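Written out below as structure tokens is the structure these notes cover.
The values are calculated or read from the model by the stated rules, or taken from the named source; none is laboratory data. Model, not experiment: these values are computed from the prediction. Glycine also receives a Cβ, built like all others from the backbone with ideal geometry; neighbour counts cover every protein chain displayed. Heavy atoms of the whole protein, side chains included, go into the accessibility calculation; ligands, DNA and RNA do not. Shrake-Rupley method; radii C 1.70, N 1.55, O 1.52, S 1.80 Å.
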Amino acid sequence: MDKYSAFGLAKHAAGYHENWQQAWRSPNPKQHYDVLVIGGGGHGLATAYYLARNHGIRNVAVLEKGYLGGGNTGRNTTIIRSNYLWDEAAHLYNLALNLWEGLSQELNFNVMFSQRGVLNLGHSLQDMRDIQRRVNANRLNGIDGVVLNTDEVNAKVPLLDCSTNARYPILGASWQPRGGTARHDAVAWGYARAADALGVDLIQQTEVTGIRKSSGKVLGVETAEGFIAADKVACVVAGHSSVLAAMAGLRLPLESHPLQALVSEPLKPCLDTVVMSNAVHGYISQSDKGDLVIGAGIDRYNGYGQRGSFNVIEHTLQAICELFPSFSRVRMNRQWAGIVDTCPDACPIISKTDIEGLYFNCGWGTGGFKATPGSGFVFADTVANDAPHPLAAPFTIDRFYSGALIDEHGAAGVAH
Ligand code: FAD
Ligand code: PYC
């Protein structure tokens, strides 16, 4: 019983938390790297990992202004799916989904990938036509998807209000069984640990304040600790991509917006899948701890304050209560925001730039968590070979000059 007494607890706390193995080193930066990755979120860490693992490029550092995974990676609602409409996007997100399926083994770290399935609800005949079209397109691309009717949706999620009395009655849904959620921090930690083991330097609390270039070629970056030289600089800073681009004298077709999320008090297990609705405008899942994890759309103004406005929270919870009347008395515990970088066609930019050795991976907007492994995989390849990976080729900056945009607003859906 000793361990349950106050003394026992104190002894336990002090005694059993010693000598933890370091998950990664905290080295001082070298003077020169082959590749500097700016941004220690999931995408940046995955990029560094695949540079080392797939391309043997190990003289790599990740520079992170805060702590690893403290940006959107640690702030998102972790919904993973690959049910995008157009072939280009479908292939990219499905590469990611395939990688998710083996990621815990690959990294030897449990990222808690949970294939609990994702429902995208339809509330009008037009919604259902769009859902049918998208599921057909998905299946032609080898992506799992089924169209469900109201009764089938209700059987999967009994707490959903599937009555005809609802303001926006549920007419059916698309269902992607291979979709689901993962533990966001673990994704950052898993990639960080695996990249470190391959020799990548992970340097936290180090903000990049300038990009040095000469005669159209990148030379390295300025930080508060001084200049760090690099042959290549790969920027993966999500909501701050325009800021980094401006340091190099570039403009990107991006807007930065807050996107909020909320979690409730923990409940007993009551929701074993992910539910999203574009029309009522909200999404929800239940974490392994029991919290309801909830979100909706971006705050419409541009900004870098990681807070967001109350009217969006009100709107989000209204939508959730319409879908799940029984949640109306659940108390919310926490709310936060991240800054997302949205592109005009709701697709990412994975690209070289006109400056030799400078690359950007950005514009994932409200939907990049699901892409993390695929994004790192194709971006590492693009940086290593100084040419787009075939799956990244449709996503270069050039599409904003050629007009070959890939409009995924339908699939990006609820959030932007
Ligand atoms: P981040 O994790 O933001 O990493 C970028 C890093 O760059 C940050 O850590 C930042 O500190 C660092 N940085 C910035 N500037 C500098 C600098 N000058 N020097 C050094 N470091 C710098 N996507 C989904 O697929 N499913 C979802 O359910 C989902 N829900 C979301 C919910 C919310 C509330 C938010 C905010 C986003 C959501 N997203 C979702 C989107 C997803 O989180 C992002 O697209 C994805 O996490 C981006 O990953 P990243 O590694 O590029 O960015
Ligand atoms: O892209 O699936 C998504 C998503 C869900 C919540 C935010 N983005």
- Cα centroid of segment 374-416 to Cα centroid of segment 234-312, whole Å: 20 Å
- Lys pairs under 14 Å by Cα in the chain, provided they are eight or more residues apart or on distinct chains: 6
- At 0.36 nm per residue, minus the direct Cα-Cα distance, what do Asn385 and Ala6 gain on full extension? Give it in nm, one decimal, please. 130.5 nm
- Task: Indicate the gyration tensor shape class of segment 151-207 (rounded, prolate or oblate), computed on the Cα atoms with a ≥ b ≥ c the square roots of the eigenvalues: a/c under 1.5 is rounded; otherwise a/b larger than b/c is prolate and the rest oblate.
- Result: prolate
- Message: Let me test this: with uniform point scatterers at the alpha carbons of the chain, what is the Debye-based log₁₀ I(q)/I(0) at q = 0.06, 0.09, 0.11, 0.12 1/Å?
- Response: -0.25, -0.56, -0.82, -0.96
- Accessible area of the chain belonging to carbon and sulfur atoms, whole % at 1.4 Å probe: 51 percent
- Where does each of Phe395, Phe113 land when they are ordered by accessible area, with a 1.4 Å probe and the largest first? Phe113, Phe395
- If you line up the long axis of helix 6-15 against the longest principal axis of the chain, both from Cα atoms, how many degrees apart are they, to the nearest 10? 40 degrees
- Message: Can you give me the orientation-averaged projected area of the convex hull built on the Cα atoms of segment 245-384, in nm²?
- Response: 10.0 nm²
- Once fully extended, how much extra length lies between Leu219 and Trp336, figured as 0.36 nm per residue of separation less the alpha-carbon to alpha-carbon distance? 38.4 nm
- Along the Cα-to-C-beta direction of Val243, a point sits 7 Å from the Cα; which residues of segment 268-311 have their amide N less than 17 Å from that point? 302-308
- Item | Rounded to 5, the percent of DSSP beta bridges in the chain classed as antiparallel | 70 percent
- Message: I'm a student and want to see the number: the projected area of the Cα convex hull of segment 45-122, averaged over all directions, in nm².
- Response: 7.2 nm²
- Query: With each label point set 7 Å from Cα along the Cα-Cβ vector, what nm distance links Ile355 and His55?
  - Reply: 1.8 nm
- Item | Whole-angstrom Cα spans of segment 236-283 along principal axes, big to small | 52, 25, 15
- Query: Angle, helix 125-140 long axis vs. longest principal axis of the chain, Cα atoms, 0 to 90°, nearest 10?
  - Reply: 50 degrees
- Note on the structure: Ordering 252-258, 383-389 by per-residue average of other C-beta atoms within 10 angstrom, highest first, gives 252-258, 383-389
- Expressed in nanometres to one decimal, the distance between label points 7 Å along Cα→Cβ at Ser309 and Asp288 is 3.8 nm
- Query: Taking the simple approach of a point 7 Å from Cα along Cα-to-Cβ for both Lys156 and Gln318, what is their distance in nm?
  - Reply: 2.7 nm
- Task: Report, in debye and to the nearest 20, how large the dipole of segment 118-260 comes out about its Cα centre when Lys and Arg carry +1 and Asp and Glu carry -1 on their Cβ.
- Result: 440 debye
- Find the all-direction average of the projected area of the Cα convex hull for segment 325-404, expressing the result in square nanometres with one decimal place. 8.0 nm²
